[in-house]
Amino acid sequence: MSKILRLSLACMLSVFFGTAFAQTSFNFNNDYAELFPTLAGTSSNDSGDGDFTEATTSTPVDGITVTVSAKDPSNNNANRIWSSTPRLRMYSGTLTVTAPDGKNITGIEYNCGKWNAGNKADSGELTTDGNNATWAGSAASVTLTIAGNTQCNFITVYLDGEEPVDISNTPETAYTVAEVLNYYNQSQGIGTKIYMKGIITEIKNVDTGYGNAEYYINDTESTEGQLKIYRGYYFDGDKFTSEDAIKVGDEVVIYGELADYYGTPQIAQGSSIYSLNGETTPPAPSVDISNTPETAYNVAKAYELIYAGEGLETEVYVKGVIVSIDEISVGEGGFGNATYNINDTDSPEGQLKVFHGYYLGGEKFTTGEEIKVGDEVVVYGKLINYNGTYEINSGNELYSVNGFTTGINKVTVDGDDADAPVYNLAGQRVSKDAKGILIKNGKKFINK
């Protein structure tokens, strides 16, 4: 179907959906053959059929044209239509958009997979946002000088009197999947956060480690024409803690950003569920497993709860002895968290992994010496079965270490002070002759 015919069809659809389309789009991914019919095909590692060997002007769309120049003589890479998306790949030369006679261009949106920060326009104002850019001004033609690797999916052009269409909405006016795809096909609202509704038709995975899910929705139970929700989160952006939180057939309203992923529509990473089967809050835990520091579960009980798989969306206290430490991420480039294993005994058999947890009160680890094997700890976090490994999920924190609920055992000094005060494990200052496990200069020792 020709681009012009598709745009005519779009106008009819706009009446149906009550939306006025006010721009012209050049989709290099889907329409390259119609836009540049003189090219022999596409370029690849084995072919130069899509190379622009001379300045080439596209087939006009609504009277607007796009002209791609040949590469600069000093550049090794040809400007070309590539065999995979993003298809329009330019490394030098110019990309010129020209308005119909008597009209001026007032805006251009460049949707790209790669954008070179050195690209310059010959007039107006060019602003960038990651791999996308927007030109604003008033000119009969706009020439973009390419400074380096720039790969475009499509561009959207606005003329006098035309303005970008705002597709933002509310939960009550959530778009159907068909409406979302219609906006995408007209290059409208890409990058805008919107509410959309649909039925879950397919679930690729619910990753309780990272707390996000990849699934598809549609207006019917069919997978044909479905829309991908990429790495979305649960209610209010909370992490998924159970693989059973959503299922095929659920009716959802989702809030997320409409995105173009190399020529394919999807809802970008970071979306959240607004409602699930008509409810705007998550279902109450089927079993209440909440507890207190004084009633902290031992590791054996934590194993039972994970195996049962109920109530795991609740944060709980678990006590144990550190039997091994996998990593404490501190220093330059460190995340300030630790991964270690606890048990009811000093045996590694039946241990519970504490994944990417933080120090007392949720503070970051700073020295790597705050905990060690043999320490008795109480940890606060969510239990999880992560691909067969029983864990306390990331984001947990220590409630106490060897009975301390504050960081007294974290104190460090420059060198050992022979006259430094001495404390017991309760944090009380004691005499230097006191017996038992004591702390001096931030270090534990046994005074017999």
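The values are calculated or read from the model by the stated rules, or taken from the named source; none is laboratory data. This is a predicted model, so every value here is computed, not measured. Cβ coordinates were reconstructed from backbone atoms using ideal geometry, including for glycine residues, and neighbour counts include every protein chain displayed. These area figures cover heavy atoms from the full protein model, side chains too; ligands, DNA and RNA do not enter into them. Shrake-Rupley method; radii C 1.70, N 1.55, O 1.52, S 1.80 Å.
Overview of values
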quantity	calculated
Residues within segment 329-355 that are surrounded by fewer than 21 Cβ atoms within 10 Å (Cβ to Cβ), of a type outside the set (S, T, N, Q) and within 29 Å of Ile289 (Cα to Cα), tallied	7
Residue check, Tyr262 touching a helix residue (DSSP H, G or I) at 6+ places or on another chain (Cβ under 7 Å) and touching a residue at least 60 places away in the same chain (Cβ under 8 Å)	no
Residue in segment 82-92 that is assigned to a loop (DSSP other than H, G, I, E, B), touching a helix residue (DSSP H, G or I) at 6+ places or on another chain (Cβ under 6 Å) and of a type in the set (S, T, N, Q) present	yes
Qualifying residue in segment 236-252 (condition: open to solvent by 60 Å² or more (accessible area, probe 1.4 Å), farther than 30 Å from Tyr184 by Cβ and in a loop (DSSP other than H, G, I, E, B))	yes
Qualifying residue in segment 371-392 (condition: over 27 Å from the mean Cα position of the chain (by Cα), closer than 14 Å to Asp326 by Cα and crowded, with 21+ Cβ neighbours inside 10 Å)	yes
Top-ranked residue of segment 196-220 - restricted to ones that are of a type in the set (Asp, Glu), farther than 14 Å from Val180 by Cβ and at pLDDT 95 or above, ranked as farthest from the chain's Cα centre (by Cα)	Glu202
Test: Gly148 is within 29 Å of the chain's Cα centre (by Cα) and in a loop (DSSP other than H, G, I, E, B)	yes
Residue in segment 90-99 that is surrounded by fewer than 19 Cβ atoms within 10 Å (Cβ to Cβ) and either of a type outside the set (Ser, Thr, Tyr) or under 27 Å from the mean Cα position of the chain (by Cα) (or both) present	no
Breaking point among (1) at pLDDT 95 or above; (2) assigned to a loop (DSSP other than H, G, I, E, B); (3) of a type in the set (Ser, Thr, Tyr), for Thr96	(2)
Flag if Ile267 is surrounded by 19 or more Cβ atoms within 10 Å (Cβ to Cβ), modelled with pLDDT of 95 or more, within 20 Å of the chain's Cα centre (by Cα) and of a type outside the set (Ser, Thr, Tyr)	yes
Residue match in segment 253-262 (condition: surrounded by 14 or more Cβ atoms within 10 Å (Cβ to Cβ), in a loop (DSSP other than H, G, I, E, B) and in contact with a strand residue (DSSP E or B) (Cβ under 9 Å, 6 or more places away or on another chain))	no
Pick from segment 109-128, criterion open to solvent by 70 Å² or more (accessible area, probe 1.4 Å) and part of a strand (DSSP E or B), ranking: nearest to Ala140 (Cα to Cα)	Glu125
Cross-chain or 6+ apart pairs with Cβ under 6 Å, segment 284-306 first and closer than 24 Å to Phe235 by Cβ, then open to solvent by 30 Å² or more (accessible area, probe 1.4 Å) and among the aromatic types (Phe, Trp, Tyr)	Asn291/Tyr317; Ile306/Tyr390
Matching residues, segment 207-218, being more than 15 Å from Ile267 (Cβ to Cβ) and surrounded by fewer than 20 Cβ atoms within 10 Å (Cβ to Cβ)	Asp207, Gly209, Tyr210
Residue that is most open to solvent (accessible area, probe 1.4 Å), among those in segment 285-328 that are out of contact with any Leu (no Cβ under 8 Å at 6 or more places or on another chain) and of a type in the set (Gly, Ala, Ser)	Ser286
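Every residue, every condition in (1) closer than 22 Å to Asp101 by Cβ; (2) at pLDDT 95 or above; (3) in contact with a helix residue (DSSP H, G or I) (Cβ under 7 Å, 6 or more places away or on another chain), yes or no:
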| position | (1), (2), (3) |
| --- | --- |
| Lys3 | yes, no, yes |
| Met12 | no, no, no |
| Phe16 | no, no, no |
| Gln23 | yes, no, no |
| Asn27 | no, no, no |
| Ser47 | no, yes, no |
| Thr56 | yes, yes, no |
| Asn77 | no, yes, no |
